[in-house]
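Take a look at the structure below.
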Amino acid sequence: MKRRNFIKKTAIGASAALVTGMSSCVSNETTTKETTIFDSLKSMTTGIAPITVKERKSRIKKAQKLMQENNLQAILLDAGTSLKYFTGLSWWPSERPMIAMIPASGAVRYICPAFEKPRLLKKITIGKDVLPWEEDESPFKQIAAALKAAGISKGNIGLEERFRYFILNGLQKDASDYTYVSADSVTIPCRLIKSPAEIALMQKATDITIEAIKIGLASLKVGSTPADFSSAVAKAHSKLGANHSFALANFGPDSAFPHGSGQPQVLKKGDIVLVDCGCTVEGYNSDMSRTIVFDAKPTKRQQEIWDLEQTSQAAGFKAAQIGNELQQVDLDARQVLIDAGFGPGYKLPGLPHRTGHGIGMDGHEWGNALKGNTRKLEPGMCFSIEPNISIEGEFGVRHEDCVYMTIDGPKWFSQPSPSIEQPFV
């Protein structure tokens, strides 16, 4: 396929045959048509439904039930993902702590720098009580005051996983009446299971990344660098209404490194091209990898490894059944590679990492498809299936698509590549 034809077909809503023959597309034209592509892109996020205050309140209610079951009097949320998950607040994690306190019963309270209180009050949608601290006062004493205001004078206080040490250290000195423990027993069960609204946002992010990758691949030409690909995808993500997260590309032998080699790369005819891209929509992530051969028919070796990767990914998907342990996805996908003479385990050539990772508000979160993870699969879990094959000195192949679990089993956010010449359905 000539690049002019590919570009013409890359409009949003193109047919399923959009990228048939992608790996042989040629790229020696000027950037005039690239500009036309970007100018014609329109946001795909019109009409999306953000997470509602009602849903966030239901999350807090679930968290409070879990606190009571796990003997936690409250949990403290530092600036970051869990803060936004429960309260809807985005806050820069500066050296001045802004903490949300969710008690096992009762209302959410906030502790923040006094000069930030007016701004915080404008942003709050859940709870209303703010305990400020002045620049020359201890924020940790104010956290203790918030706990006491909630009727908590002692007991276990849970800290979410990314709670910063300097705050814990201050609490241990200035609020030593409490025992500080992990809040994983609360935050993991809450965030691990996605609601239909969360899944819908992840689906939209995935749909946008599919279109962005198509444009990024169409932009490739002999002499391109990974940065050229990344720039095209980033621009497409933005024009399509998403927040760009990342776009990696690795060519030829460098594709054997799952996250790249860090060395300069220049695209040549016949190179394996392995790309890995993601964006966010309303804070929810996509993550997807594709592998093609650039501007040439695949060699026998490239085709065999590509097909083996496809079989391995399909085995992981088949293992993702309600009631199975998450590790089964890894074990079954990896066994396909072992049976073909790769590995075993994480040895190279083969699959040097887990088969999949959880995904949601963080690109990598709980729910890893990993040996030893005995957590049973439940509806609402979301994770990638990506049994990378790395052959150092030759190339690497990775098919990465994410799934969400339903009562009937796994559903793909993005359909796997049908063939090496056709990266998308």
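With everything on Cα atoms, drop me the angle between helix 327-339 and the longest principal axis of the chain, reported from 0 to 90° to the nearest 10.
Result, in degrees: 20.
Below 8 Å, C-alpha to C-alpha, sequence gap of six or more: please give me the relative contact order for the chain in percent.
Numbers: 927 pairs, mean separation 64.8, N = 425.
Once divided by the residue count of the chain, the mean separation gives 15 percent.
Of 71, 351, 296, which is farthest along the charge dipole of the chain in the positive direction, counting Lys and Arg as +1 and Asp and Glu as -1 at C-beta?
71
Considering only DSSP beta bridges with both partners in the chain, what is the antiparallel share in %, to the nearest 5?
Working: 41 of 55 bridges.
If we restrict to bridges inside the chain, about 75 percent are antiparallel.
Considering only DSSP beta bridges whose two residues both sit in segment 78-171, what percent are antiparallel, to the nearest 5?
So the antiparallel bridges in segment 78-171 amount to around 40 percent.
In segment 53-192, if the dipole is taken from +1 on Lys/Arg beta carbons and -1 on Asp/Glu beta carbons about the Cα centre, which of 170, 125, 139 is farthest to the positive end?
The residue sitting most towards the positive pole is 125.
Could you check which residue among 172, 64, 415 shows the biggest mean-square fluctuation in a GNM of the chain with a 10 Å Cα cutoff?
Top of the fluctuation ranking is 172.
How big is the charge dipole of the chain about its Cα centre, in debye rounded to the nearest 20, if each Lys and Arg gets +1 on its Cβ and each Asp and Glu gets -1 on its Cβ?
Roughly 1000 debye for the chain.
Taking 7 Å along the Cα-to-C-beta vector as the label spot, tell me the residue 92-residue 346 distance in nanometres, rounded to one decimal.
Calculated label separation equals 3.7 nm.
Rank the residues 119, 164 as a footprinting-exposure proxy: fewest other Cβ atoms within 10 Å of their Cβ go first.
Values: 119 11, 164 15.
Result, fewest neighbours first: 119, 164.
Just name one of 85, 224, 263: the one whose Cα is farthest towards the positive end of the charge dipole of the chain (beta-carbon charges, Lys/Arg +1, Asp/Glu -1).
The Cα lying farthest towards the positive end belongs to 85.
Pop the C-beta distance of residue 39 and residue 124 into the FRET formula with R0 = 45 Å and round what comes out to the nearest 0.05. Each step should come with its number before you reach the end.
Numbers: r = 40 Å, r/R0 = 0.89.
Efficiency, from the Cβ-Cβ distance: 0.65.
Would you mind ranking 337, 217, 131, 331 so that the residue whose beta carbon has the fewest other beta carbons within 10 Å leads the list?
331, 131, 337, 217
If R0 is 30 Å, what FRET efficiency do you get for residue 394 and residue 324 from their C-beta distance, rounded to 0.05?
0.35
Run the helix sum for the chain: -39,500 (n - 2.57) per DSSP H stretch of 4+ residues, divided by residue count, reported at 222 nm to the nearest 500 deg cm²/dmol. Walk me through the intermediate numbers first.
Working: 12 runs with 147 residues, N = 425.
Computed ellipticity for the chain at 222 nm equals -11000 deg cm²/dmol.
Among (1) 82, 50, 49; (2) 70, 49, 40; (3) 63, 49, 45, only one was calculated for this model; which label is it, if the read-out is Cα extents along the principal axes in Å?
Entry (2).
Hey, in the GNM for the chain with a 10 angstrom Cα cutoff, which one of 398, 191, 96 fluctuates hardest?
Of 398, 191, 96, the Gaussian network model singles out 96 as fluctuating most.
Between segment 202-247 and segment 367-390, what's the alpha-carbon centroid distance in Å?
Their Cα centres are 26 Å away from one another.
Once the Cβ-Cβ distance between residue 268 and residue 169 is put in as r, and R0 is 60 Å, what FRET efficiency do you end up with, to the nearest 0.05?
0.70
Could you calculate the contour length gain from residue 176 to residue 154, that is, 0.36 nm times the residue separation minus the distance between their Cα atoms, to one decimal place in nm? Display every interim value, and only then the final one.
Details: separation 22, 0.36 × 22 = 7.92 nm, distance 0.91 nm.
Here the answer is 7.0 nm.
Quote the relative contact order of segment 53-192 in percent (integer), defining contacts as alpha-carbon pairs under 8 Å separated by 6+ residues.
26 percent
Could you estimate the translational diffusion coefficient of segment 87-186 from the Stokes-Einstein equation, with Rh from the Kirkwood formula over C-alpha pairs, at 20 °C and 1.002 mPa s, in whole µm²/s?
For the chosen part, D equals 155 µm²/s.
Could you work out how far helix 53-69 tilts from the main Cα principal axis of the chain, as a 0 to 90 degree angle to the nearest 10?
70 degrees
Can you give me the angle between helix 300-319 and the longest principal axis of the chain, using Cα atoms only, in degrees from 0 to 90, rounded to the nearest 10?
Value to nearest ten degrees: 40.
Any read-out appearing in this document is the output of simple, stated calculations on the displayed coordinates, not a laboratory observation. Being a predicted model, the structure only gives us computed values, none of them experimental. Cβ sites come from the backbone with ideal geometry, for glycine too, and all protein chains shown count toward neighbours.
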